[in-house]
Structures are given as C-alpha cells and as structure tokens.
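The structure under discussion appears below in the form of structure tokens.
The values are calculated or read from the model by the stated rules, or taken from the named source; none is laboratory data. Quantities reported herein were computed from a predicted structural model and do not represent experimental measurements. Cβ sites come from the backbone with ideal geometry, for glycine too, and all protein chains shown count toward neighbours. We work out accessible area using only protein heavy atoms, side chains counted, and drop any ligands, DNA or RNA first. Shrake-Rupley method; radii C 1.70, N 1.55, O 1.52, S 1.80 Å.
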Amino acid sequence: MSRADIDRFRLRCRQFRWLAIFMVVSVGALLALVHIVVPVVFLARAEDYPYFDLWLASLVKALPTVFYLFAVWAIGAAMGQLSKGRLIQPTLASALRRVGLALGFGGLLSVFGVTNIMRLIEGGRGGWAWFDVPGMTLGMIGGALFLLGGVVEQAGKVQAELDEMV
C-alpha cells in the first residue's frame, strides 16, 4: 500500500468520524428536545403536561435509539483512532465488541424491553414480545459482531506471541 493510499484511507476515516459525530449530535439533540426539553418547559411554566402518558410511551420507544447512537459513536471513535495511525487490529477488535454490545442490547430492548415496559405503562395491555424484524436483525448482527471482536482480539494475541518467537 502506497503512502498516498494510506493518507487517503486516513482522510476517509476522519471524514467518517465527523459524519458519525454529526449524526449522534443531531439525532441526540432532536431526541433530547422532544423527550426532555418540551416536558421541562411545561413543568417550568407550572402547567400540567397534558400528554404525560404519550410522552412516557414515546420515551420508552426511543430507548433502543440510545444504544444505536452509542454504536454509531463507537464506530466514529474507532475511525478517529485509525485516522491518527493506530493499529487496525486492536482498534477493530475493540470497535467490534462495543458496536456488537450496543446493537445487541438495542435489539433486545426493542423486541422485549419496550413491549413489556409499555405493558406496565398501559396497564397490562399488549404482548410479551414485539415482532420487530429490524430490532431482531440488529440484535443478531450485534451478537455476531461481539463474537467476531473476540476472534479478532484472540488472533492479535496469537500474532503477538508468534512475533515474539521469531
């Protein structure tokens, strides 16, 4: 790989990092505005928040998004480390594990957590699990990424051991 290719790769990593930061900040700000700022304004004005049940349900439904945003943040952080010249293998292993956990927990929360918390809020109505194919898919991909992160980490340890022998 030529020096120009490496520089181009690092530039793309930096660009992707900024894209991830933009996404997390913009989506996070929108979530905060809708789920935190608006109810606080009603409370500060000493008014009853007329849609408390709807707000609480909306907040619960948005919980998986927090995990998904953390996954994007972890990818952005890994890209930032690669743009600074950090070795790919340890960065990849760490990123795979973090992203895998975030997607896995987000998927589980989407399929089982949201449904059952909504049952509590709504007084027992609804099912025990929600047939959320995107949530199931993200959960499975998250589990696979977590496992692959362990394999990449172990491969790095074996490679380091082999390098010591030579």
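Table for the structure above
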item	result
Sites LEU162 and ASP7 - FRET efficiency at Förster radius 25 Å, r taken between beta-carbons, to 0.05	0.25
Ellipticity estimate at 222 nm from DSSP helix runs (n ≥ 4, -39,500 (n - 2.57)) divided over the chain, nearest 500	-27500 deg cm²/dmol
Estimated vicinal HN-Hα couplings, Hz - the range 20-35 in sequence order (Karplus 6.51, -1.76, 1.60; Gly, Pro = x)	5, 4, 4, 5, 5, 5, 5, 5, x, 5, 5, 4, 5, 4, 6, 9
Accessible surface, per residue, of the range 103-166 when the full set of protein chains is kept, probe 1.4 Å, Å²	67
Hull-based mean projected area of the chain, where the convex hull spans the alpha carbons, in square nanometres	13.2
Calculated P(r) of the range 109-166 - Cα pairs past 12 Å, %	73
Table column - 3J(HN,Hα) (Hz), the range 158-166, Karplus curve with 6.51, -1.76, 1.60, x for Gly and Pro	5, 4, 5, 5, 5, 5, 5, 6, 7
Isotropically averaged projected area of the range 13-95, using the convex hull of Cα atoms (one quarter of hull area), nm²	6.3
Rg/Rg_globular for the range 60-121, with Rg_globular taken as 2.2 N^0.38 Å and Rg from C-alpha atoms	1.39
Within the accessible area of the chain (1.4 Å probe), percent carbon and sulfur	71
Cα pair count fraction exceeding 15 Å, expressed as % - the range 1-47	64
